[in-house]
């Protein structure tokens, strides 16, 4: 399984994914689930993936091939698309086609499915964040709901509901997604380290910060311990 979360804030995007993939309890591995495409200063696109590894890897490979193809244009390449809406549409079409082709080769009882979070900005356009469903359709993060999640989202959602607004700073956004992931790591063994953190500042049209957080990272461990202590103290202080 997996957990990916993206915030669309006034100051930029904050994205976090785990890397654990399992095909049974005795077959656990790590695969990157955050992929970045950019023309610095012109456009930046980040994609996080959840679901069937065969579907997500093939989808990402096809997006790369479309970018590199001779004659690539706005109808085929996400880096040439004129808007982030068109980017989401191209990615959705690629995901849906890939899912159908792979599912057609599998037994009826097996499911080949995947979902994606797509965020980024083109020069002259506002930053946007989409959740792309297996069928290729998508929804967009809004001021009312400025975050999107895929995978094992239920454990980390309550914190986001309580603290994240469009006015949240990028620093607090990083803290929010890391604590949301920490809650998920504690409650679900199918989500695991390392973690990939990506920050895209508004109007930068380039990746502002990328970080891989390995198991045993001292800063992440200190944050996790501080959060656990704060929760215990708050619990004890509540009077009923």
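The values are calculated or read from the model by the stated rules, or taken from the named source; none is laboratory data. Keep in mind that this is a model prediction, so the values were computed, not measured. Cβ atoms come from the backbone with ideal geometry, glycine included; neighbour counts cover every protein chain shown.
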Residue 173 vs. criteria under 30 Å from residue 77 (Cβ atoms), in a helix (DSSP H, G or I) and under 17 Å from the mean Cα position of the chain (by Cα): yes
From the options 87, 163, residue that is surrounded by 14 or more Cβ atoms within 10 Å (Cβ to Cβ) and under 21 Å from residue 220 (Cα atoms): 163
Search result, residues across segment 82-109 that are in contact (Cβ under 8 Å) with a residue 40 or more places away in the chain and outside any helix (DSSP H, G or I): 82, 83
Residue within segment 204-220 that is free of Cβ contacts under 8 Å to residues at least 40 places away in the same chain, in a strand (DSSP E or B) and buried (at least 16 other Cβ atoms within 10 Å of the Cβ) present: yes
Scope segment 110-128; condition in contact (Cβ under 8 Å) with a residue 60 or more places away in the chain and over 23 Å from residue 153 (Cβ atoms); matching residues: 121, 122, 123
Of residues in segment 1-16 being farther than 19 Å from residue 168 by Cβ and surrounded by 21 or more Cβ atoms within 10 Å (Cβ to Cβ), the one modelled with the highest pLDDT: 3
Extreme residue, nearest to the chain's Cα centre (by Cα), among residues of segment 94-137 that are surrounded by fewer than 16 Cβ atoms within 10 Å (Cβ to Cβ) and under 25 Å from residue 204 (Cβ atoms): 126
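Yes/no per residue for (1) over 14 Å from residue 91 (Cα atoms); (2) outside any strand (DSSP E or B):
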{"residue": "1", "(1), (2)": "yes, yes"}
{"residue": "14", "(1), (2)": "yes, no"}
{"residue": "38", "(1), (2)": "yes, no"}
{"residue": "45", "(1), (2)": "no, no"}
{"residue": "59", "(1), (2)": "no, yes"}
{"residue": "66", "(1), (2)": "no, yes"}
Conditions (1) under 16 Å from the mean Cα position of the chain (by Cα); (2) in contact (Cβ under 8 Å) with a residue 60 or more places away in the chain; (3) under 20 Å from residue 146 (Cβ atoms); number of the one not met by residue 193: (3)
Members of segment 100-121 that are within 17 Å of residue 66 (Cβ to Cβ) and in contact with a strand residue (DSSP E or B) (Cβ under 9 Å, 6 or more places away or on another chain): 116, 118, 120
Single match in 140, 152, 80 (criterion: surrounded by 15 or more Cβ atoms within 10 Å (Cβ to Cβ) and closer than 25 Å to residue 188 by Cβ): 152
Count of segment 155-168 residues which are more than 15 Å from the chain's Cα centre (by Cα) and in a loop (DSSP other than H, G, I, E, B): 6
Candidates 224, 183, 190, filtered to the one that is surrounded by 12 or more Cβ atoms within 10 Å (Cβ to Cβ) and part of a loop (DSSP other than H, G, I, E, B): 190
